[in-house]
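Report on one structure; see the data block that follows.
Every number in this text was worked out from the coordinates using simple rules, so none of it is lab data. All values derive from a computational prediction rather than experimental measurement. Note that we place each Cβ from the backbone using ideal geometry, even for glycine, and neighbour counts take in every protein chain shown.
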Amino acid sequence: MSFLAPLFLLGALGIALPVLFHLIRRSSKEHVPFSSLMFLQPSPPRVTRRSRLEHILLLLLRCLVLCLLALGFARPFFQKPILAGQSAQTNRKIVLLLDTSASMRREGLWAAAVAKSGEILRDTAPGDQVAVYTFDTRAHPFLSFEQWTAMNPGERAALTTERIAALKPGWAATHLGNALTAAAEAFTEADKSEQNPGPRRIVLISDLQEGARLDGLQGYDWPRGVEVQIEPVQPKRPTNAGLQWMQEAANSTAGPADPGLRIRVVNSANARREQFQIHWDGVAGAAPLDVYVPPNQSRIVQAPKLPPGATGERLVLTGDDDDFDNAVYILQSHAEQISVLYIGGEAEKDSTQPLYYLKRAFQQTRREDIAVKTSPSSTPFSPADLAGVRLLIATDQLSKNQIPSLQKFQADGGTIFFSMKNTAVAASIGRLAGVDGLAADEGSVTNYAMFGQIDFTHPLFAPFADPRFSDFTKIHFWKYRRLDTAKLPDTRILARFDNGDAALVEIPRGNGRLLILTSGWQPADSQLALSSKFVPLLYAILDLAGGIKAPPTQFHVGNEVNLADLAASSATRPVTILKPDGTQTEIPAGESRFAQTDMPGIYTVTSAQPPVSFAVNLDPAESRTAPLPIDELERLNVPLKARQIELTRQLDEKRRLHDTELENQQKLWRWLTLAALVVLLCETGVAGWLARRTTFQTGSSI
């Protein structure tokens, strides 16, 4: 028997009162007239053995009434088991997601993850199906449902745990969103052959660090019936600090007072250390740098100075508990030398001529060192003059002895850009385009002309396709030359003036091209050189000519490297790459993509002449090791399994409702109350009979 309000059973303690009253014989309430008792001392009632045995039936009836009332108020009922629905342990499908990202390299995490995996696998029933996935930037199938089913049921958990224990965390970043969606899709594929799939659960074993990416979870349509169970693992020590290289922007200028490398040191929110040191690994004589970083903050500092003539490739952070993210690999990149040849005889400091603005448009940056060389329009070119030139710019008529060299320059893939400062330039354009007798005349301009039509699909204007940058109407042209483009072969007009005349023309020639601007950019002809579009337009022309090829200076683990950018790919022979651990990887001939950047360090393309190296570093997000709030996953509508406290509360609530329903059906309190009334009537009758008997005996004795 159970009770809804068991505290009312304490009311049964009231039976002590009738017992006490029956043990104590009180003075008689009847008074008999007698003479004076002033010289006698009153004696209190005494408890005698005989008094304990008097009126036992009356005592029992009174105690029974109190007990029945206490039982009735406690609302008793006979307990019945809760009818269980379909067992959650029958024919389950489980996808075990095991985090193998770089942050799992912290001390104690991987051992805890393996132990947690073993517990989950040992808890499976023979009818369950299990698949195991590891994940970092993406999910990797480790054990399929079919492979699990093919195992001996008694050995599945032990064999799978043994295989998991042989794994090790990698160096890639954590993309939790990809992993969860891939696990959900695994259920979708497995359920295609089943009409009534059983319970499906994703068990996530991870450190759940806040640097994990959750892309793709927002708005994801989760399959019905899938729940996610989170099994977090904790490191032995919470402190973690990381080292990151603050890479300079490619277009940032590099002056004589270049401050050098900048390094960011980040400290976790739950850290217990604040003092660190940065030093060059393997560089003798380089003094370390002390850094103070409070928890949940970061500091950007200059890298320690190298001794004169020394070079360093690896910066190391010391003073941290976990060293998986305490090294950064750096290759000092040098500005690429790019040559631009300008044909003309103007003075460089003459602000009325095109050369003045051209020199100031091309600036030296950390990635490019653009040198604008000049050559008179009457001097013939030697092979040395054109060697290494990426772009040739002309604004005036060329001499006849220069034409053959420039035609060969075009055939070899060079780009020649003409800005027509006068109509005489048309003859030189015609010779380079293979058209004799090409002429031009001055265009008709009322007040000013401006661009009226631009081909933003061409690579030259593609950087301006965004509506924020596509307005060229503020550039006014005072003069331009009208060119008969119908006579030029394979002409593509990239821009027209508002009256329909050609403004910018492209003519392919051999492997190269000829670009023609029918006006000048100097102030006498237009406002182009003074506009914000001039510099990016010149850089777009240089890029189109193949002049800007500065390769990336930094990659992250898991990034794909385009070896063609490093000038290391070959179409005739394989490419050999030496990895940081000393192993070599060979890329087949003709392929230029290298995706095996699976560890931080310096990679060297040994098959290139000379060998080319590039640095691969850990993703900075892996240093953000503070725990990810579970509320963030709930906000993204991840179907999380109810927590243990919530499960206990739900079970208690279900049991309470079940007990209330049973008590309401049985209503034993009514019978107990009726029994109490019956006993109370009996007690009243017995008490009255005893009272009459006592009175009769007293009267007879008197």
### Degrees between helix 668-701 axis and first principal axis of the chain (Cα, 0 to 90, nearest 10)
30 degrees
### Query
Tell me, in nm to one decimal, what length is gained between GLN666 and THR684 on full extension, where the rule is 0.36 nm per residue of separation less the Cα-Cα distance?
3.5 nm
### Message
So for the range 336-544, averaging the separation of alpha carbon pairs under 8 Å that are six or more residues apart and normalising by length, what relative contact order in percent results?
### Response
21 percent
### Query
Taking a temperature of 4 °C and a viscosity of 1.567 mPa s, what whole-number D in µm²/s does Stokes-Einstein yield for the range 241-329 with Rh from Kirkwood over alpha carbon pairs?
94 µm²/s
### Task
May I ask for the angle, rounded to the nearest 10°, between helix 109-122 and the longest principal axis of the chain, with both axes built from Cα atoms and the value confined to 0 to 90°?
50 degrees
### Computed over the chain, the ratio Rg/Rh where both radii use C-alpha atoms and Rh is Kirkwood
1.32
### Query
When Lys and Arg each count +1 and Asp and Glu each count -1, what net charge do the other residues less than 13 Å away from LEU677, Cβ to Cβ, add up to?
0
### Task
Would you be so kind as to identify which of LEU432, PRO383, TYR342 lies farthest towards the positive end of the dipole of the range 336-544, taking Lys and Arg as +1 and Asp and Glu as -1 on Cβ and the Cα centre as origin?
PRO383
### Query
Which number do you get for Rg(Cα) / (2.2 N^0.38 Å) in the range 358-474?
1.27
### Query
So how strong a dipole does the chain carry about its Cα centre when Lys and Arg Cβ are +1 and Asp and Glu Cβ are -1, to the nearest 20 debye?
3740 debye
### Query
Just from its helices, what would the mean residue ellipticity at 222 nm be for the chain, if runs of 4 or more DSSP H residues each count -39500 (n - 2.57) and the sum is divided by every residue, rounded to the nearest 500 deg cm²/dmol?
-8000 deg cm²/dmol
### Task
At a Cα cut-off below 15 Å, give the aspartates and glutamates reachable from LYS168, other chains included and same-chain residues fewer than 8 away excluded.
ASP99, GLU107, ASP136, ASP207, ASP598
### Task
Grab the Cα-Cα distance for LYS236 and THR318, subtract it from 0.36 nm times how many residues apart they are, and report the gain in nm with one decimal.
27.7 nm
### Message
Quick check: the angle from helix 56-73's long axis to the longest principal axis of the chain, C-alpha only, nearest 10 degrees?
### Response
20 degrees
### Message
Under the rule a/c < 1.5 gives rounded, and otherwise a/b versus b/c splits prolate from oblate, where does the range 321-390 land using the Cα gyration tensor?
### Response
oblate
### Task
Among CYS63, CYS682, rank each residue by its count of other Cβ atoms within 10 Å, from fewest to most, as a rough exposure measure.
CYS682, CYS63
### Summary
Percent relative contact order for the chain, counting Cα pairs under 8 Å at least six residues apart, stands at 14 percent
### Query
Starting at 0 and stepping by 5 Å, how many percent of the alpha carbon pairs of the range 483-626 end up in each bin?
2, 8, 13, 13, 11, 9, 8, 9, 10, 9, 6, 2, 1, 0
### Task
Can you figure out the FRET efficiency of ILE56 with LEU7, using R₀ = 35 Å and their beta-carbon distance, to the nearest 0.05?
0.70
### Query
When we measure straight from the Cα of LYS654, which lysines land under 19 angstrom away, once same-chain ones fewer than 8 places off are left out?
LYS80, LYS641
### Query
Cross-link list LYS349/LYS400; LYS408/LYS474; LYS421/LYS487: which exceed 32 angstrom alpha carbon to alpha carbon?
LYS408/LYS474
## Note on the structure
Cα convex hull volume per residue for the range 336-544, in Å³, equals 117 Å³
### Task
Starting from the Cα gyration tensor of the range 555-621, take the square roots of the eigenvalues, sort them a ≥ b ≥ c, and report rounded, prolate or oblate (rounded when a/c is under 1.5, otherwise prolate if a/b is larger than b/c, else oblate).
prolate
### Query
If you take the square roots of the eigenvalues of the alpha-carbon gyration tensor of the range 130-183 and sort them as a ≥ b ≥ c, do you get rounded (a/c under 1.5), prolate (a/b over b/c) or oblate?
oblate
